[in-house]
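The values are calculated or read from the model by the stated rules, or taken from the named source; none is laboratory data. Just so it is clear, the model here is predicted, and its values are computed rather than measured. Cβ sites come from the backbone with ideal geometry, for glycine too, and all protein chains shown count toward neighbours.
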Amino acid sequence: MKVAHEMSHKICYTPQMRPIFFRSVYSEKEVDACFDELIHASLEEQDKIEVACLIQYFAILKSHGLFSFPVDFIKNRQGEGPDFTICNDSGLFGVEMTKVTTSDFQVWLKKSLNYRRINDIKDYQDYRPEQRVSDLAMVRVQKKNYKLPNYYGAVPEMEACDLVLEENGDCCLHTEVLMELMQDKIAKLRFQKFRTISMISGSVLYYGINTADAAILRAPEFERTKA
């Protein structure tokens with residue numbers, strides 16, 4: 001049970017490179033208190049957004065039994081590794097958070113790629129929102145992939161790095177269609193090095209899009225509503 005705590009302390013931070021916060025959680029009883037503390041912590045606006053995304057991501061994983069204790073949450077400063085460094089019994093790994101559907105990024109995509117409707121997945125020609133989100137997700141993953149060596153350079157102790165996309169521009173997306181489109185798009189990327197790529201959209205987590213364990217996971221509140 002001490003593995004995570006011991007491994008995370010192997011990271012050597014210089015006086016110029018100190019994490020924004022470091023929290024250790026040893027049981028499920030402590031995790032909600034930890035998340036509540038982080039939500040109300042005094043942070044810059046961008047850090048608050050990333051923390052909120054991290055909490056939603058791990059809350060969904062926990063509700064589906066994909067979250068192990070003890071765990072250390074480390075929030076890195078901008079330019080000093082991935083957004084977060086996480087340590088549990090699976091080892092020390094990074095988690096990078098990034099938005100998919102920001103308005104400026106959509107404008108950039110249309111100018112850069114001369115955005116057109118997808119023609120190679122004929123079954124989904126009428127699913128324009130899902131096509132747009134999957135296009136944006138693919139390009140965002142590609143851009144983040146170029147930064148991955150910098151994350152390992154800043155935190156060389158990391159064994160892997162995960163990417164979590166956040167989509168907040170569309171509603172009522174067809175989940176199965178979107179998952180299949182994203183799997184198709186991301187599979188075509190060359191030299192993709194993230195261990196897992198996931199995306200949060202509302203109460204839905206598209207988990208492990210680039211892995212054999214890909215799954216559509218819903219937040220616990222959504223499951224209770226359905227019941």
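Would you check which residues across segment 57-69 are crowded, with 19+ Cβ neighbours inside 10 Å and in contact with a strand residue (DSSP E or B) (Cβ under 8 Å, 6 or more places away or on another chain) and list them? Steps first, answer last, please.
At the first step, the residues of segment 57-69 found to be crowded, with 19+ Cβ neighbours inside 10 Å are 57-58, 60.
The answer is Y57, I60.
Quick one: which strands (runs of 3 or more DSSP E) lie wholly within segment 51-137 and hold at least 3 residues that are farther than 25 Å from E159 by Cα and modelled with pLDDT of 90 or more?
none
List the pairs whose first member sits in segment 182-206 and is among the acidic types (D, E), whose second member is part of a loop (DSSP other than H, G, I, E, B) and at pLDDT below 95, and whose Cβ atoms are under 6 Å apart, counting only residues at least 6 apart or on separate chains?
none
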